[in-house]
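Colleague: Pasting a structure here, questions to come.
The values are calculated or read from the model by the stated rules, or taken from the named source; none is laboratory data. These figures come from a predicted structure and were not determined experimentally. Cβ placement follows ideal geometry from the backbone for every residue including glycine, while neighbour counts extend to all protein chains displayed.
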Amino acid sequence: MTRQPWRGCAAISAERTPQASRLQRFAQAVLCFRVPARALFARPAVSRTPMRLTRYFLPTLKETPQEAQIASHRLMLRAGMIRQESAGIYSWLPLGHRVLSRIEQVVREEQNASGAIEVLMPTIQSAELWRRSGRYDDYGKEMLRIIDRHEREMLYGPTNEEMITDIVRQFVKSYRTLPLNLYHIQWKFRDEVRPRFGVMRGREFLMKDAYSFDLDAAAARTAYNKMFVAYLRTFARLGLKAIPMRADTGPIGGDLSHEFIVLADTGESGVFCDKRWLEMDVLEEAVDFDSDLAPLVKKYTDLYAATEEKHDPDAIPADQLVAARGIEVGHIFYFGTKYSKPLGAMVTNQEGQLVPVEMGSYGIGVSRLVGAIIEASHDDAGIVWPDPVAPFHVGLANLRQGDEACDAAADGIYQQLTDAGLDVLYDDRDARAGEKLADLDLIGLPWQIQIGPRGVKAGTVELKRRRTGEKQEISAEAAVNALLSGGAT
RNA sequence: CGGAGCGUAGCUUAGCCUGGUAAAGCGCCUGCUUCGGGAGCAGGAGACCGGAGGUUCGAAUCCUCUCGCUCCGACCA
């Protein structure tokens, strides 16, 4: 990485001012041939953020605030991940924000892998757009309506079908531009009558929404399958078993739809599935999204699975059926020309005719997933993060802060793990062992290293796997090597 | 939106029924002793009792209104 691409280019760097635009700097750097182009596009490594707890902000609670009814809500409050601002609206504190970002990143990577392209649309939309689709009046009180200073009617977007369709209407004129799948990850607002369960059912929530545009129904089906498979992979990476269930299409309309449901006792909807689903493997292997995905989709839709609304008691023998509760973490729809027609998103086909584009939309509740993952992965002591979403890889507890030998050992391990690129949260507070260990379990980092006077004297530290509780007393080197050799990345 | 509850210190609560000017535990700050699963002792800070009005000599307490939050139902990613 070249911090100063101007070095050695005196004539050019002399002209650089603090106000130099990006373009100017780009030109300067390019003119300076000694700078590798790669450096210009180097991106910051977001995940490499070790932290000493004394310099962090992690307001954990010993007692449970009274408003929290379910495990995930309780644990998120206790672990200092969120603070409620008003009904269904939350601030994300550092720990919660890190988890949210991690989930968002997994979702983004899998969307990109499937060929979808990221955009970002605003939270505030104009009522005019919604009048054209006819939904402004239909949507009811769930839509938060806003009047700006010019008395114009605006709204805080509950979803973005109208806007994305309007974008495509303007720029996409030919079938040659299709297929197209645009997605964004953005905050939305639905003024729920009764928000509850913390971030699982908030009024403000972070959603990934993808919108597919195709020339005909067959192509739209291909787009649907891509998203279907991308969702299987996304949830598998997040450590969740999400079952695709035949679902009601709801007010959004359409005739092909699956909800991805995580089974949990605290789930808000009743669901039914073949009991063989419980043994079914999640989709781990990489997928070629240009291949025919129909067989894969078939594999994951062959076994019966339906939400309450779509459940058909005659479809499956009772002794094969599991009735459970579930959390909806994703929902995919095909809805044809429902928006393209009224909003005029037309393309010219091969025959030169103007036809409305075929659309689908595909949502993942990113902020809801934080709660869903905790519901699916916690114990009496606290959260148990799946490795890919854990806010830090390793929690390092110095059980006797201020003891010279312990400090030296802990500082050393912290340095090594950090240098190796692991995210380490180092509890260097002057606090008691019990408090540190309880906090570590509560925040649920996948690995813990405990360093205390007893072990230091014997030349060992304790390496603990949060999920299993399994502990080993080994040398510091062995612990570092164990973490570096795979487990904790 | 129907039904039911609750607002007292940062958190969890007591006090309210039967009015007399606010209490405890945890957390926080200081000191000492402790130190391998949320320590002990001593001291300290911190609450116009959600807000407004009313009744009363006097209101956290009774009455009215209002705001906020929670739960059940209907609705929803």
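Colleague: When you look at A:Gly330, is it within 15 Å of RNA strand B (Cβ to nearest atom), surrounded by 19 or more Cβ atoms within 10 Å (Cβ to Cβ), touching a residue at least 40 places away in the same chain (Cβ under 8 Å) and part of a strand (DSSP E or B), yes or no?
Modeller: When the stated conditions are applied, A:Gly330 passes them.
Colleague: Only one of A:Leu442, A:Leu425, A:Leu463 is modelled with pLDDT of 95 or more, in contact with a Leu (Cβ under 7 Å, 6 or more places away or on another chain) and either under 30 Å from A:Glu375 (Cα atoms) or away from RNA strand B (no atom under 11 Å from the Cβ) (or both). Can you tell me which?
Modeller: Being modelled with pLDDT of 95 or more, in contact with a Leu (Cβ under 7 Å, 6 or more places away or on another chain) and either under 30 Å from A:Glu375 (Cα atoms) or away from RNA strand B (no atom under 11 Å from the Cβ) (or both) holds for just one of A:Leu442, A:Leu425, A:Leu463, which is A:Leu425.
Colleague: A:Ala324 passes all but one of (1) under 23 Å from the mean Cα position of the chain (by Cα); (2) assigned to a strand (DSSP E or B); which number fails?
Modeller: That leaves (1) as the condition not met.
Colleague: Name the one entry in A:Lys464, A:Lys436 that is under 26 Å from A:Met81 (Cβ atoms), of a type in the set (Lys, Arg) and touching a Phe, Trp or Tyr at 6+ places or on another chain (Cβ under 9 Å).
Modeller: Unique residue meeting the criteria: A:Lys464.
Colleague: Name the single residue that is nearest to RNA strand B (Cβ to nearest atom) among those in the range A:45-93 being assigned to a helix (DSSP H, G or I), in contact with a helix residue (DSSP H, G or I) (Cβ under 8 Å, 6 or more places away or on another chain) and among the hydrophobic types (A, V, I, L, M, F, W, C).
Modeller: Among those that are assigned to a helix (DSSP H, G or I), in contact with a helix residue (DSSP H, G or I) (Cβ under 8 Å, 6 or more places away or on another chain) and among the hydrophobic types (A, V, I, L, M, F, W, C), it is A:Leu77.
Colleague: While we're here: Test of understanding: among A:Gly365, A:Gly395, A:Gly421, which residue is small (Gly, Ala, Ser) and touching a Gly at 6+ places or on another chain (Cβ under 8 Å)? Talk me through it step by step, then tell me what you get.
Modeller: Numbers: A:Gly395 fails: touching a Gly at 6+ places or on another chain (Cβ under 8 Å); A:Gly421 fails: touching a Gly at 6+ places or on another chain (Cβ under 8 Å).
Among A:Gly365, A:Gly395, A:Gly421, only A:Gly365 is small (Gly, Ala, Ser) and touching a Gly at 6+ places or on another chain (Cβ under 8 Å).
Colleague: Is there any pair linking a residue in the range A:71-100 that is aromatic (Phe, Trp, Tyr) to one that is assigned to a loop (DSSP other than H, G, I, E, B), with Cβ under 8 Å and at least six apart or on different chains, and which?
Modeller: Qualifying pairs under 8 Å: A:Tyr90/A:Gly202; A:Trp92/A:Met81.
Colleague: Is there a residue being in contact with a Phe, Trp or Tyr (Cβ under 7 Å, 6 or more places away or on another chain) and under 20 Å from A:Ser114 (Cβ atoms) anywhere in the range A:323-330?
Modeller: Scanning the range A:323-330 turns up at least one residue that is in contact with a Phe, Trp or Tyr (Cβ under 7 Å, 6 or more places away or on another chain) and under 20 Å from A:Ser114 (Cβ atoms).
Colleague: Next question, about the same structure. If we scan the range A:283-293, do we find a residue that is closer than 20 Å to A:Arg368 by Cβ and at pLDDT below 95?
Modeller: Within the range A:283-293 (the criterion being closer than 20 Å to A:Arg368 by Cβ and at pLDDT below 95), the answer is no, since none of the residues qualifies.
Colleague: Of everything in the range A:187-215 that's over 22 Å from the mean Cα position of the chain (by Cα) and modelled with pLDDT of 95 or more, which residue is farthest from RNA strand B (Cβ to nearest atom)?
Modeller: A:Leu215
Colleague: If you don't mind, there's one more thing I want to ask. Going residue by residue through the range A:232-255, is there one that turns out to be away from RNA strand B (no atom under 16 Å from the Cβ), assigned by TED's automatic domain parsing to the domain that holds A:Lys338 and at positive phi?
Modeller: yes
Colleague: Identify, by number, the condition in (1) buried (at least 17 other Cβ atoms within 10 Å of the Cβ); (2) under 22 Å from A:Glu375 (Cβ atoms); (3) of a type in the set (Lys, Arg) that A:Arg325 doesn't meet.
Modeller: Unmet condition: (1).
Colleague: Filter the range A:134-162 for residues that are in a helix (DSSP H, G or I), surrounded by fewer than 19 Cβ atoms within 10 Å (Cβ to Cβ) and in contact (Cβ under 8 Å) with a residue 24 or more places away in the chain and give the result.
Modeller: Answer for the range A:134-162, where residues must be in a helix (DSSP H, G or I), surrounded by fewer than 19 Cβ atoms within 10 Å (Cβ to Cβ) and in contact (Cβ under 8 Å) with a residue 24 or more places away in the chain: A:Asp138, A:Lys141, A:Glu142.
Colleague: Kindly indicate the residue of the range A:333-358 that is touching a Phe, Trp or Tyr at 6+ places or on another chain (Cβ under 6 Å) and buried (at least 16 other Cβ atoms within 10 Å of the Cβ) and also farthest from A:Val172 (Cα to Cα) among those meeting that condition.
Modeller: Filtering the range A:333-358 for residues touching a Phe, Trp or Tyr at 6+ places or on another chain (Cβ under 6 Å) gives A:334, A:347, A:349, A:357.
Restricting the remaining residues to those that are buried (at least 16 other Cβ atoms within 10 Å of the Cβ) gives A:334, A:347, A:357.
Values: A:Tyr334: 20, A:Val347: 7, A:Val357: 10 Å.
Residue satisfying both the conditions and the ranking: A:Tyr334.
Colleague: For the structure I just gave you, tell me whether A:Lys299 is over 23 Å from A:Gly363 (Cα atoms), more than 16 Å from RNA strand B (Cβ to nearest atom), in the same structural domain as A:Ala220 (by TED's automatic domain parsing) and surrounded by fewer than 16 Cβ atoms within 10 Å (Cβ to Cβ).
Modeller: Criteria not met by A:Lys299.
Colleague: So which of A:Leu232, A:Leu278 ends up being in a helix (DSSP H, G or I) and more than 25 Å from A:Gly115 (Cβ to Cβ)? Spell out the reasoning first.
Modeller: Details: A:Leu232 fails: more than 25 Å from A:Gly115 (Cβ to Cβ).
Exactly one of A:Leu232, A:Leu278 is in a helix (DSSP H, G or I) and more than 25 Å from A:Gly115 (Cβ to Cβ), namely A:Leu278.
Colleague: Also, I was wondering about something else. Please verify whether A:Leu399 is crowded, with 16+ Cβ neighbours inside 10 Å and more than 16 Å from A:Leu53 (Cβ to Cβ), treating the condition exactly as stated. Give the steps one after another, and end with the answer.
Modeller: Values: crowded, with 16+ Cβ neighbours inside 10 Å: yes; more than 16 Å from A:Leu53 (Cβ to Cβ): no.
No.
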